[in-house]
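Student: I am attaching a structure below and will ask some questions about it afterwards.
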Amino acid sequence: MHKYNDLKMWIDGQWVDAESGQTFATLNVTTGEELGRVPLAGQADVDKAVAAARKAFPIWSEKTPAERSAVLMKIAAAIKDSLDDLALLDALEHGLPVHIAKGPTMGAAGNFEMAAAYGRSLEGHVIPSNNNVMYCLERVPIGVCALITPWNMPLFLMTQKVALSIVSGNTCILKAPSINAITSLKFAEILSKIEGLPPGVVNVITGPGGSVGNMLATHPDVDCIGFTGSTETGAQIMAAAAPTIKKVIMELGGKNPAIIMPDANLDHAVEILAHHQFHNCGQACGSPGRYYIHESVYETFLNKYLEHAKQIVVGDPLDPKTNMGPLVSKEHADNVMRYIESGIKEGATLRLGGKRLTDPPFDKGNFIPPTVFTDVTPDMKIYREEIFGPVAVMTTYSSEEEVIKLANDNHYGLTASIWTKNIARALKLGKKLTVGTFSVNGHNLIAPEAPWGGVRQSGIGKEGGFQGVLEYTEQKMITICLKE
């Protein structure tokens, strides 16, 4: 049995309890056992964290880019040194199989390495005008950033936001999700040992997103909010932040089309798409949300996909044989089951899965096996809404014009994938898709160096890459009179 004791928040370089003394439990998502109790932050704790970040801002922002980048490289190395411990927490709190969790954990280190490299390249430029005035544009930090991250890829997403925000001189308050609270405090433990990182540059607080997130969004001394989560919650945060005119960077939901062309390598497409659909139980904003298979290859693709999905081993995320663990909570699993029941009621054909696994050894967690629907039509909820679960939704198309119209007929616009041997054809199709990213013969091909973000109701701004660094800066104009 795994147990974590004496868990505290990290504020202004100190380990502290909540001012109220209240705590809440975090659970092993596979067994339901308590992993530990963490502080339940309130308004006083938020005020303290924001004040610490504000106090640290002039100290950190006045350091040179080289000095800040050197600190970020130390953080990256420390994350790598803690690889096994962090991957274990991902499996315990989140349910991602531990052998898979090592990938995003290394990606967390990569977030700091990427930001360290780009942080030394924040160039300004001179704008030509006339002989008497020089106009210079420089990049400067925004100030105090509130970073609110989700439970579905906890360490990778919290490190992404922290790295992108602090490399240019910002300071921050990280509010990680309650479900993964111990992961965020383990990350804080790593930060606490980094030489050269002043107190208050990164503050880590724990508590429910509905209350603590709102306190941060409305706080008058927070300058910027970086948020990853549902579109509905993102809209609430934007509304809460509006009276104080904060900058917002939003990475929100998706219902992502995967378009299978007649000449696609079907074995490759099945392998990659099924992995992205099921390895994290479909709990990813970039998961395939709608499959559009050309009618000429539909039966072949479907049969291959079903056979592949049947081979996925559902079980304990600590077992190296497991391909897919439990969903993150009973509440979330209940919501996924409501979508499955809706699909059946509205007339879709359930081809695989669709029922909770409740017999031992699945009786303590929230396990739903790979689930596949066919005969899905655009008026169905499972077609239009983000399910965030291990549910594949399949339909056919007959022409490129039809599939582009179908793919774009949604209020989301995060990512898409196109599967074909004809790259020129894929690029022409991709230009017509209303998404922030599209991949060819791959899905969700993200890396720390590559910007990621959506359009429409999938978000505002980019995370990752040089563009992600720029999002956490402002432009300042300097005008110099040259006339004597």
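Coordinate-derived values only; no laboratory data. Since the model is a prediction, treat every value here as computed from it, not as a measurement. All Cβ positions, even for glycine, are placed from backbone atoms using ideal geometry, and neighbour counts span all protein chains on display.
Student: Please report, in debye to the nearest 20, how large the charge dipole of segment 256-453 is about its Cα centre when each Lys and Arg carries +1 at its beta carbon and each Asp and Glu carries -1 there. Display every interim value, and only then the final one.
Tutor: Numbers: 19 positive and 23 negative charges, 33 e Å.
With Lys and Arg at +1 and Asp and Glu at -1, about 160 debye.
Student: Segment 152-213 to segment 99-131: how many Å between their Cα centroids?
Tutor: For segment 152-213 versus segment 99-131, the Cα centre distance is 18 Å.
Student: By how many nm would the segment from I480 to Q14 lengthen if fully extended, with 0.36 nm per residue of separation less the alpha-carbon distance? Display every interim value, and only then the final one.
Tutor: Working: separation 466, 0.36 × 466 = 167.76 nm, distance 4.38 nm.
Going from the current span to full extension adds 163.4 nm.
Student: What aspartates and glutamates could a cross-link reach from K355, if we take a straight Cα to Cα line under 15 Å and drop same-chain neighbours fewer than 8 places away?
Tutor: Hits, sequence-local ones excluded: D334, E341, D363.
Student: Taking every pair of Cα atoms in segment 156-312, average 1/r, invert it to obtain the Kirkwood radius, and report Rg/Rh to two decimals.
Tutor: 1.11
Student: For segment 1-94, which trypsin sites (Lys or Arg not before Pro) are in a loop by DSSP, counting at most 12 other Cβ atoms within 10 Å?
Tutor: Numbers: sites: K3, K8, R37, K48, R54, K55, K63, R68, K74, K80; in loops: K3, K8, K63.
Those that pass, being in a loop and sparsely packed, are K3.
Student: Next question. Taking the dipole about the Cα centre of segment 421-484, with the C-beta of Lys and Arg at +1 and of Asp and Glu at -1, give me whichever of G465, L445, C481 is farthest to the positive side.
Tutor: Of the listed residues, the answer is L445.
Student: Around Y472, what is the net charge, scoring Lys/Arg as +1 and Asp/Glu as -1 over all other residues with Cβ under 11 Å from its Cβ? Each step should come with its number before you reach the end.
Tutor: Details: positive: R139, K161, K247, K462; negative: D223, E463, E471, E474.
For residues surrounding Y472, the net value is 0.
Student: A follow-up question, please. Quickly estimate the mean residue ellipticity at 222 nm for the chain, helices only: each DSSP H run with n ≥ 4 gives -39500 (n - 2.57), and the total goes over all residues, rounded to 500.
Tutor: Working: 15 runs with 176 residues, N = 484.
One gets -11000 deg cm²/dmol as the mean residue ellipticity at 222 nm.
Student: Right, next: Looking at the P(r) of segment 223-347, how many percent of alpha-carbon pairs lie beyond 23 Å?
Tutor: Working: 3816 of 7750 pairs.
Value for segment 223-347: 49 percent of Cα pairs lie more than 23 Å apart.
Student: Let me ask you something else. Quote the Stokes-Einstein diffusion coefficient, in whole µm² s⁻¹, for the chain, based on the Kirkwood radius over alpha carbon pairs, a temperature of 25 °C and a viscosity of 0.890 mPa s. Could you put the intermediate results ahead of the total?
Tutor: On the way: Rh = 23.3 Å.
Stokes-Einstein gives a translational diffusion coefficient of 105 µm²/s.
Student: What distance in nm lies between label points placed 7 Å from Cα along the C-beta direction at V455 and E385?
Tutor: The modelled label-to-label distance comes out at 2.6 nm.
Student: Rounded to two decimals, what ratio of Rg to Rh does segment 256-453 give with C-alpha atoms and a Kirkwood Rh?
Tutor: Working: Rg = 16.3 Å, Rh = 17.0 Å.
Rg/Rh for segment 256-453 comes to 0.96.
Student: Report Rg/Rh for segment 267-313, rounded to two decimals, where Rg is the Cα radius of gyration and Rh the Kirkwood radius. Intermediate results must be reported in sequence, preceding the final value.
Tutor: Values: Rg = 10.8 Å, Rh = 11.2 Å.
Result: Rg/Rh = 0.97.
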